[in-house]
Amino acid sequence: MSGPVDEGLKSELQKQGVFVVPVEWLYNWGRRSSIWPLQFGLACCAIEMIAAAAARYDLARFGAEVFRATPRQADLMIVAGTVTKKMAPQVVRLYNQMPEPKYVIAMGACAISGGPFKDGYNVLKGVDRFVPVDVHIPGCPPRPEALIHAIMTLQEKITGQKFTDVPGYDKALPAEFPIPEQGAHDLVPTANRELWQPPKEHPDVTIAEVLKKP
Amino acid sequence: MIPAIEQLRELVLATVPGAKLEIVPSTPAAAQPALLVDRENALAVAQFLKHDVTLLLDSCSCVTAVDYLKQGHIEIVYHLYSVALKHGPVVLKVRAPRELSQCYVPSLTVVWRGCEYQEREAFDLYGVKFEGHPDLRRILMWDGFVDHPMRRDYVPPMDYEWEPTPHGETLARAKQEGGVVPPSVLEGKK
């Protein structure tokens, strides 16, 4: 079949119990309705994640209730909590072990930026330094509604994807990300520079000038 | 009941005659005065405190270290309780010089088994070596880590380029070490 199906014909066919949709739509419908998250939590955000999955907020309504205890069966990594420098290599390793296509939600202030602990010697200043993040949820911790909203945002993203532009299907792109080493003083490297770049200094104003101003 | 700290000192001295014991008053007033013991006799004093029938301090609830940068020593603090006699705490302190080569104290894990992990933590974060500890490894930081981050002179790695709202000390350091200030901050300043 070439070209879009006539809406009138589609409607007539539906009355007879025949649904005409592109394969891509059907495929994405299946994917977005069964986003299985990886079952792991790093800190207090995990408690909110558990609450979201439990009866009151019922993540099952979105098909995302099947938390898998292995990365091999997971589609989504919810980074729920503070990523310490000691844990960071394991988080990247788990991400690498997930099958494509895979998605990441950075849940809470810590996963986004280090949050209240970002001045600490032991805390990674945002998980997006090492893995590509699809949805960020601010909050400390975010409420279960916020996590549900993130899942819905991700569903929208999946709906819009085509076979041809899902990153994991493109063989030219790297299938996995380099795992940082634990060095003598810090992680080596401190960030995956292909994924993440530090904010640039303002072209017109130097730091010295900022310091002078009251 | 635990005797007053002066009496406790006499009690210990009667059993461990050579011990150099000092009473460390504590501020604020609500806190507990502590018994400071020299490194050489710490183990003998600990054994006495645990096994003496009137004290029976059978539980060590907390081990921590305090870095006194100006005075040049690190203080290891033990909080002792008696579960059997329902009293406590007795605060026991041991001092060691700050220099890493000299910074060792006897491990009290042989007396109170529960000290093991807490002494490892003090070793990890302060660099205090506990002699006689059964398994002295880092517990929080990774094995290849060389610094002791809770020491007052610890310099954290330079990664201020991420700082979205640098201010105070962080901003000064970003300036010194060539960090960057993101445009959003500068726009607020204009």
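Throughout, read-outs are computed from the coordinates displayed, never taken from laboratory work. Everything numeric in this text was worked out from a predicted model, so none of it was measured. Ideal geometry is used to build each Cβ from the backbone, glycine not excepted, and the neighbour counts take in all protein chains shown.
Laid out as a table, the results:
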read-out: Estimated 222 nm signal from helices in the protein assembly as shown, with DSSP H stretches of n ≥ 4 weighted -39500 (n - 2.57), rounded to 500; value: -8000 deg cm²/dmol
read-out: Binned Cα-Cα distances of the range B:94-143, short to long, each 5 Å bin given as a whole percent; value: 5, 24, 32, 24, 13, 2
read-out: For residues of A:11-17, the mean tally of beta carbons on other chains within 10 Å; value: 0
read-out: Of the trypsin sites (Lys or Arg not before Pro) in the range A:1-99, those whose Cβ has at most 13 other Cβ within 10 Å and which sit in DSSP loop; value: A:Arg56
read-out: Rounded to the nearest 20 debye, dipole of the protein assembly as shown from Cβ charges on Lys, Arg, Asp, Glu; value: 280
read-out: Relative contact order of the range A:23-97, defined on C-alpha pairs under 8 angstrom at six or more residues apart (%); value: 40
read-out: Whether the range A:58-148 is rounded, prolate or oblate, judged on the alpha carbon gyration tensor where a/c under 1.5 counts as rounded; value: oblate
read-out: Most positive-pole-ward Cα, A:Thr70, A:Met98, A:Asn122, against dipole of the range A:67-137 from beta carbon charges; value: A:Asn122
read-out: Theoretical FRET efficiency, 1/(1+(r/R0)^6), r = Cβ-Cβ of A:Val5 and A:Asp119, R0 56 Å, to 0.05; value: 0.45
read-out: Pairs from A:Lys102/A:Lys162; A:Lys85/B:Lys129; B:Lys50/B:Lys86 whose Cα-Cα separation, in the structure shown, is over 19 Å; value: A:Lys85/B:Lys129
read-out: Calculated SAXS-style log₁₀ I(q)/I(0) at q = 0.18 Å⁻¹ - the range B:1-111, Debye, Cα scatterers; value: -0.90
read-out: Relative contact order for chain A, counting Cα pairs under 8 Å that sit 6 or more residues apart, in percent; value: 19
read-out: Shape category assigned to chain A from the gyration tensor of Cα positions, a/c cut at 1.5; value: prolate
read-out: Whether the protein assembly as shown is rounded, prolate or oblate, judged on the alpha carbon gyration tensor where a/c under 1.5 counts as rounded; value: prolate
read-out: Cα long-axis angle, helix A:88-97 against chain A (0 to 90 degrees, to the nearest 10); value: 20
read-out: Choice from A:Gln161, A:Gln90, A:Gln16 with maximal GNM fluctuation in chain A (Cα, 10 Å cutoff); value: A:Gln16
read-out: Two-site FRET efficiency, B:Glu6 against B:Leu100, from Cβ-Cβ distance with R₀ of 51 Å, rounded to 0.05; value: 0.90
